[in-house]
Amino acid sequence: MKIKIINIRFLRGKRYLTMIMRTFIFLLCTSVFGLTSDIAFSQQKVTINHDQMVTIDKVFEIIKKQTDYHFIYPKKLFENKPKLQLKKGIIKVEDLLRLSLVSNDLNFELSENNNIIIKAAKKSKNINASVIVQEIRINGNIKDINGVPLIGANIIEKGTTNGVVSDFDGNFSIKVSKANVTLIASYIGFITKEIIVSDEKNITIILDEDASKLDEVVIIGYGQVRKKDATGAVVSIKPEENNRGSATKTTDLLLGKVAGLQITMPSGSPSSDGTIRIRQGASLNASNSPLIVVDGIAGESFNQLNSDDIENITVLKDASSTAIYGSRGANGVIIVTTKRGKASFDGKSVSPSFNYRGDFSINKNIKTLDVYNADEFRTEFLKRYPDLGSVLGDSDTDWQKEIYRLGFTQKHTFSATGALPYVPYRVSLGYQSDKGTIKNSKKDLATVAINLSPSFLNDHLKANITFKETYRNVPESSSPVESAAFMDPTAPVYATYPNNMGLGYYMFGADEMGTLPTNTSNPVASINLARGESKNYRTATNFKLSYNIHGFEDLTLTANLGITANDYSSSRNVLDNSPSTWGGYGGTGIGIYSSNDSYSKISIQEYYANYNHTFADIHALDVTFGHTYEKYYSRYENSPVLKNDNDEVYEIGSSGASERALMSYFGRANYNLNNRYLFTFTMRTDASSRFAPETRWGYFPSGAFAWKLNEEKFLENIDNLSSLKLRLSYGQTGQQDINNNYAYQASYRSSTDDSRYRFGDVFYTTYRPNAFDRNIQWEVTSTYNYGLDWGINNNRIYGSLDIYKRFTDNLLMEDVRVSAGSNFSDTLDQNIGEMESNGVEFSLGAILLRTDDLEWSVNANFAYNNSKIKKLTIYEGAPEDTYIKTGSIGSSRYSQIHKVGNTPYTYFLAKQVYDDETGKPLDGVFYNPNYDASVSGSEEFVYDDANDSNKFDTGKSSLVPYYGGLSTSAKYKDWDFGLNCHFAFGQYVFWETASRGSNESLYDSYGLNPKNSLDNTPEWSQEHRFSDYWLHKGDYFKLDNITVGYTMSELIKDAGSLRLSCGVQNVLMLTKYPGIDPEVYSGIDGSSYPRPRMFMFTANLKF
């Protein structure tokens, strides 16, 4: 690990130099400052144990302590010299000296007996008085493209040894010998820039990051590691301003960016959330969501995190990298680091910088369900029912148009970043308002984030204090997408009945007096008359304290304490006389009201120690061990549903509470041999209160090896090879996340008020035992991972390849059906079997073009994932005859199964028979799965698609086997461009909406009201919900967003910047799927809220 001297921001502290940058610094220092020595230095290195701000004398002490070198210099030579920022890592002695003495007018040379002589640089004696009089002073400020000051940057007058270093605000002042000069500005990790200065006396220099020369640091569990030293499958993403899309949800930042990370975008509803899966997930029925860690606190949520507060996202995919999290890391880990304050320089305050970002979008639906319009419906209806024209109305209503509108989204984030003495800080305020494309749907989200990073005792004692508060409000609304599509288009939206019945909305089947309505589900009424709201307050606090022990700086002790509280409440009111009160709730026109409250709290305590030391310059050891304790508490109270007029109980309420705990011990050792051979060993043991004492503890080991092939002599002559690393890993993780905190022990449920036992005139509460399984235990996943990382031409081209194989034993399953009388219920949570998964992941990136004005980069990734159920232990009989139903389509109907030998979520449907001549599906005719031509009387066809014995194992699953993404970004001078795509193929989607509308009678299922139909629906006399006719390929390619931006710099007195951008989200979809959108994680398309196209505008002001 190499050292950066001059960047004290936490953001920059995650990056180091590659070989090319080290060579550049060496040549620069040698040529500019004339640092020479007659006796050559060895390749000896020293270790910096932690980030620290030190004097030059302290640098010499560090070198003397770890080497045989001694220093000779005048006692007061370093008076008034600025302190230096040292970054944790390993660096050559010679490089450390050169960087320490830059711009301090000092030279050094190595003499005999390892003595290093430091002395002031010789001044030129040829400068006459007239030259001195003509000296010109140039003042300036140097910063990055985000407006962050670059501390310790080098500014040199070209062709001379005249140079200075910027201060902690990025300011500098340099005297030059003439009016027209060229200054050279350089900073580690940034592209060196030449600036021609003519008459200006105050200038601003903006440097661009040099991605090919950054040695990236990635965050891992309880620590960090250089990416090139990582032994596991780890990917780090830093959100780019010009390639992030709308980013109104945090998942937008990850969509299509990481191989093996599948993001299924949420529906168009403002309150919906997407689905995240890493390598399809390791479980069958327990949680398959990855662990989200935000600023060191595990179990956080993306849903209420302001994406503008995010600094970096790291994805851990294999067991070697996730095993340190034990049971919580079974489905991968996503680590989020939020933005921090500016580093304080020598205890001084840093003036705050401010950032305002505003995102605005107009949202429009691009596709609706294709149904008959009013004229087409009348024609089709009268063709079939010529004598029933009287039931049709004379209106021309497009019900889908009636419920939709243009949506509007606005998001505002304001932040202040700076430092008080020894206390860097960042404060962020955010507000987001989403008005959905269905009328009256809305979400308001407000966020507050405060990050403090004080340091004490010469940076030996550091604290990170984080506070996040989120308020989310969602008004009560409905999403009648399907009912609007199938509503009779000849019926009106509005109607007037006596006594304000229906509140002005049409009720189907009602006479002029409003009596005897046969269908009161008017879609427009359900939207406009919705009353109520849900509120959510989420508070997350975190206090982290790290102490780097004085006199033994190799050892750091850390305590991390966090509490997350979630307070949720909701209310709902059905208005008197609304249409639904005349068809439901007793049919008397009296409405109801109800409220629900819930509260949950997660408290986490983590204590761990880290020891980091390098022995004999070739043995680097990094050891971490610690203990964690987590406690989860939740309660809920659902009030009774009461009638509006007299508070009569319409539905009985309920309440409950539960808690669980997880205690863990963990350890990890990283060993680096000669910067070529990397070893990682991890062990974690977890105890879950969900399991009985005899099965409570789970033990999860892992090991990994990486070989940096490019460091070997047999590859040293390949000049274009920047990096080449082979990775091998094996590890185990556990799973205990089921929706039952008391699965192993006897528990009891009290009777409700209407089911108490009566004895005489007294009613007694009774208690009913719940089912339990004393033998339920950890689900364990073992993963093998083989990886290869490479970089070419100073990492201008880079990529990785991963191959994995995964085995999951003791699969956890909720609500498994058991024999009657064998337990206290007919369903039970238990371990049921085994599953095997394998996959390949590939990513490739390149900086295709780089000039002074233009840079163009592209990134692509692709993943193949496949899972098979190997064993089900809960049922007797042949594997091909045993399965578990899943994939609910309502009313105890299931369209999928889990079966041995199959991919999970395989569709289980009746096989449709088609007419040989017309190719049309026959009404109610299906192939018999049990047909045997050799058996007399065996029937080839069956006529009931709902009977399980008539269904086939289709061999087709909703899980996505092939998934990938493509992104590109370009920058030309002050213009930037970004584009993102993602795609999936190989999965299947069951079009449930069409299956429910498969009755071509043009009447509802009760035969009471006319009902619209999808165009081109088969001419069937009845619904066939389980026909495989409704099963379609779900392949798609989506162009997610295109963004173009322009940045204006130096807005206010050579400071500040403004970036304006516009773009389109949900630009294009290529698919053969007949429904609205095939991107449905469950594979069951019930026509949820459509995803709109968003026309975006963004303003980002920094000052």
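Selection among 808, 153, 624 by position relative to the dipole of the chain gives 153 as farthest towards the positive end (Cβ unit charges, Cα centre). Taking a straight line from the alpha carbon of residue 544, these lysines sit under 17 Å away, with near neighbours fewer than eight places off in the same chain left out: 339, 462, 468. Once each of the trypsin sites (Lys or Arg not before Pro) sitting in a DSSP loop with at most 13 other beta-carbon atoms within 10 Å is removed, the chain keeps 368-773 as its longest stretch. With θ taken as phi - 60° and the Karplus curve 6.51 cos²θ - 1.76 cosθ + 1.60 applied, the whole-hertz 3J(HN,Hα) list for the range 539-555 is 10, 10, 10, 8, 10, 10, 10, 10, 10, 8, 4, 5, x, 9, 5, 5, 10 Hz, x standing for glycine and proline. Scan the range 708-780 for GluC sites (Glu not before Pro) in coil per DSSP, keeping those whose Cβ has at most 15 other Cβ atoms within 10 Å, and list them by number. Hits after loop and neighbour filter: 712, 716. Calculate the FRET efficiency for residue 136 and residue 67 from the Cβ-Cβ distance with a Förster distance of 56 Å, rounded to the nearest 0.05. Result of the calculation: an efficiency of 0.85.
First select every other residue whose beta carbon is under 10 angstrom from the beta carbon of residue 490; then total the charges, Lys and Arg +1, Asp and Glu -1.
Details: positive: 378; negative: 375, 394, 396, 488.
With Lys, Arg at +1 and Asp, Glu at -1, the net is -3.
The list [x] 136, 88, 52; [y] 207, 98, 79; [z] 114, 71, 65 gives values of Cα extents along the principal axes in Å, and only one came from this structure; which label was calculated from it? Computed from these coordinates, Cα extents along the principal axes in Å corresponds to label [z].
Compute the signed sum of charges (Lys and Arg +1, Asp and Glu -1) over the other residues within less than 10 Å, Cβ to Cβ, of residue 169.
Numbers: positive: 143, 342, 348; negative: 167.
Neighbourhood net charge equals +2.
Taking all Cα pairs closer than 8 Å and separated by 6 or more residues, the relative contact order of the chain comes to 9 percent. Placing +1 on the Cβ of each Lys and Arg and -1 on the Cβ of each Asp and Glu in the chain, which of 545, 582, 1043 has its Cα farthest towards the positive end of the resulting dipole? Selected residue: 545. If a paramagnetic tag sat 7 Å from the Cα of residue 1070 along the Cα-Cβ line, which residues of the range 841-872 would have the backbone N under 20 Å from that point? Residues 844, 858-864 fall inside that zone. The dipole here belongs to the chain: it is taken about the Cα centre, uses +1 on the Cβ of Lys and Arg and -1 on the Cβ of Asp and Glu, and is about 5260 debye. Placing a label point 7 Å from the Cα of residue 469 along the Cα-to-Cβ direction, the residues of the range 551-571 with a backbone N closer than 19 Å are 562-569. Quick note on the range 400-445: its Rg to Rh ratio, both from C-alpha atoms and Rh being the Kirkwood radius, is 1.37. Counting only alpha carbon atoms, the long axis of helix 19-33 and the longest principal axis of the chain meet at about 30°. Helix 56-66 axis versus longest C-alpha principal axis of the chain: approximately 80°, rounded to the nearest ten. Spin-label model, residue 161/residue 1021: points 7 Å from Cα along the beta carbon direction are separated by 10.3 nm.
Each residue of the range 1073-1079 is assigned a 3J(HN,Hα), and the resulting list reads 5, x, x, 6, 7, x, 7 Hz, derived from the Karplus form 6.51 cos²θ - 1.76 cosθ + 1.60 (θ = phi - 60°), x at Gly and Pro. Using Cβ point charges alone (K and R +1, D and E -1), the dipole size of the range 638-789 about the Cα centre works out to roughly 700 debye.
Around residue 558, what is the net charge, scoring Lys/Arg as +1 and Asp/Glu as -1 over all other residues with Cβ under 11 Å from its Cβ?
On the way: positive: 462, 544; negative: 606.
Within the 11 Å Cβ shell, the charges total +1.
Once the Cβ-Cβ distance of residue 649 and residue 881 is raised to the sixth power relative to R0 = 45 Å, the FRET efficiency obtained is 0.45.
When the Cα positions of 494, 174, 91 are compared along the charge dipole of the chain, 174 comes out farthest toward the positive end, with charges on each C-beta of Lys, Arg, Asp and Glu.
In deg cm²/dmol and to the nearest 500, what is the mean residue ellipticity at 222 nm of the chain if only DSSP H runs of at least 4 residues count, each as -39500 (n - 2.57), divided by the residue total? Don't skip to the answer; put the middle values down first.
Details: 11 runs with 82 residues, N = 1103.
Helix contribution divided over all residues of the chain: -2000 deg cm²/dmol.
Using only Cα atoms and rounding to the nearest 10 degrees, what angle (0 to 90) does helix 374-384 make with the longest principal axis of the chain? Approximately 40 degrees, to the nearest ten.
Going by neighbour counts of Cβ atoms within 10 Å, the residues 707, 778, 582 line up, fewest first, as 707, 582, 778.
Using a 10 Å cut-off around each Cβ, can you sort 1004, 359 from fewest to most neighbouring Cβ atoms?
On the way: 1004 16, 359 24.
With the sparsest Cβ surroundings first, the list reads 1004, 359.
Here's how it looks for residue 829: its modeled amide H is under 5 Å from those of 815, 816, which are all 5 or more places away or on a different chain. About its Cα centre, the range 983-1103 has a charge dipole of approximately 540 debye under the convention of +1 per Lys or Arg Cβ and -1 per Asp or Glu Cβ, with nothing else charged. Phi-derived couplings, Karplus 6.51 cos²θ - 1.76 cosθ + 1.60 at θ = phi - 60°, listed residue by residue for the range 320-331: 4, 8, 9, 4, 4, 8, x, 5, 7, x, 4, 10 Hz, with x used for Gly and Pro. Taking other C-beta atoms within 10 Å as the exposure proxy, 1062, 981 rank 1062, 981 from fewest upward. Computed extension gain for residue 676 through residue 633, at 0.36 nm per residue and net of the alpha carbon distance, reaches 10.8 nm.
No lab work stands behind these numbers, since they all come straight from the coordinates. Just so it is clear, the model here is predicted, and its values are computed rather than measured. Cβ sites come from the backbone with ideal geometry, for glycine too, and all protein chains shown count toward neighbours.
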